[in-house]
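Visitor: Have a look at this one.
The values are calculated or read from the model by the stated rules, or taken from the named source; none is laboratory data. Given the structure is predicted, the values throughout are model-derived calculations rather than measurements. Please note: Cβ atoms are built from the backbone with ideal geometry, for glycine as well, and neighbour counts cover all protein chains shown.
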Amino acid sequence: MANHKSEIKRARQNAERHDRNKAVKTTVKNITKAVRLATGEKSREEAVKELNTAKSVIDKASKKGVIHKKTAARKISRLARRVNRMAVS
């Protein structure tokens, strides 16, 4: 356990950030799952709508520093590629 005043504050800040980051990461995972399900079951229009929502959520997570900028770009790219393949098949 932290002994100094500054260590106690740092531990408290880390716990708050951990909870906030965990919530954002869970949201990213859920929206990614929604896009993947939409590409499998729903129409292309609904999948595109889900993709646009996912782009927004992932970009916000990246902007907040919860996930790395290139990780966000990779996730969006893979989801977009998956949606775009729906039109071909």
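Visitor: Would you say Val28 is in contact with a Leu (Cβ under 6 Å, 6 or more places away or on another chain) and either in a helix (DSSP H, G or I) or in contact (Cβ under 8 Å) with a residue 24 or more places away in the chain (or both)? Walk me through it before giving the result.
Guide: On the way: in contact with a Leu (Cβ under 6 Å, 6 or more places away or on another chain): no; either in a helix (DSSP H, G or I) or in contact (Cβ under 8 Å) with a residue 24 or more places away in the chain (or both): yes.
Against the criterion (in contact with a Leu (Cβ under 6 Å, 6 or more places away or on another chain) and either in a helix (DSSP H, G or I) or in contact (Cβ under 8 Å) with a residue 24 or more places away in the chain (or both)), Val28 does not qualify.
Visitor: Moving on to the next point. For the stretch 37-66, which residues satisfy the criterion of being basic (Lys, Arg) and within 27 Å of His18 (Cα to Cα)?
Guide: Going through the stretch 37-66, the residues basic (Lys, Arg) turn out to be 42, 44, 49, 55, 60, 63-64.
Answer for the stretch 37-66, where residues must be basic (Lys, Arg) and within 27 Å of His18 (Cα to Cα): Lys55, Lys60, Lys63, Lys64.
Visitor: Is it fair to say Ala47 is more than 10 Å from the chain's Cα centre (by Cα), of a type in the set (A, V, I, L, M), surrounded by 13 or more Cβ atoms within 10 Å (Cβ to Cβ) and in a helix (DSSP H, G or I)? Show your work before the answer.
Guide: Numbers: more than 10 Å from the chain's Cα centre (by Cα): yes; of a type in the set (A, V, I, L, M): yes; surrounded by 13 or more Cβ atoms within 10 Å (Cβ to Cβ): yes; in a helix (DSSP H, G or I): yes.
For Ala47, the condition - more than 10 Å from the chain's Cα centre (by Cα), of a type in the set (A, V, I, L, M), surrounded by 13 or more Cβ atoms within 10 Å (Cβ to Cβ) and in a helix (DSSP H, G or I) - is met.
Visitor: Also, I was wondering about something else. Can you give me the number of residues within the stretch 17-36 that are over 13 Å from Ala47 (Cβ atoms) and of a type in the set (Val, Ile, Thr)?
Guide: Of the residues in the stretch 17-36, 4 are over 13 Å from Ala47 (Cβ atoms) and of a type in the set (Val, Ile, Thr).
Visitor: Among the residues of the stretch 3-25, what is the count of those that are among the small types (Gly, Ala, Ser) and outside any helix (DSSP H, G or I)? Outline the logic, then answer.
Guide: Within the stretch 3-25, the subset among the small types (Gly, Ala, Ser) is 6, 11, 15, 23.
Remaining after also requiring outside any helix (DSSP H, G or I): none.
Counting residues in the stretch 3-25 that are among the small types (Gly, Ala, Ser) and outside any helix (DSSP H, G or I) gives 0.
Visitor: Given the conditions (1) part of a helix (DSSP H, G or I); (2) among the aliphatic types (A, V, I, L, M); (3) surrounded by 11 or more Cβ atoms within 10 Å (Cβ to Cβ); (4) modelled with pLDDT under 95, which single one is not true for Ala87?
Guide: Condition (3) is where Ala87 drops out.
Visitor: Then there's this: Could we say that Ala54 is surrounded by 13 or more Cβ atoms within 10 Å (Cβ to Cβ), touching a Leu at 6+ places or on another chain (Cβ under 9 Å) and modelled with pLDDT under 95 here? Can you show your working first?
Guide: Details: surrounded by 13 or more Cβ atoms within 10 Å (Cβ to Cβ): yes; touching a Leu at 6+ places or on another chain (Cβ under 9 Å): yes; modelled with pLDDT under 95: no.
Here the answer is no, as Ala54 does not meet what is asked.
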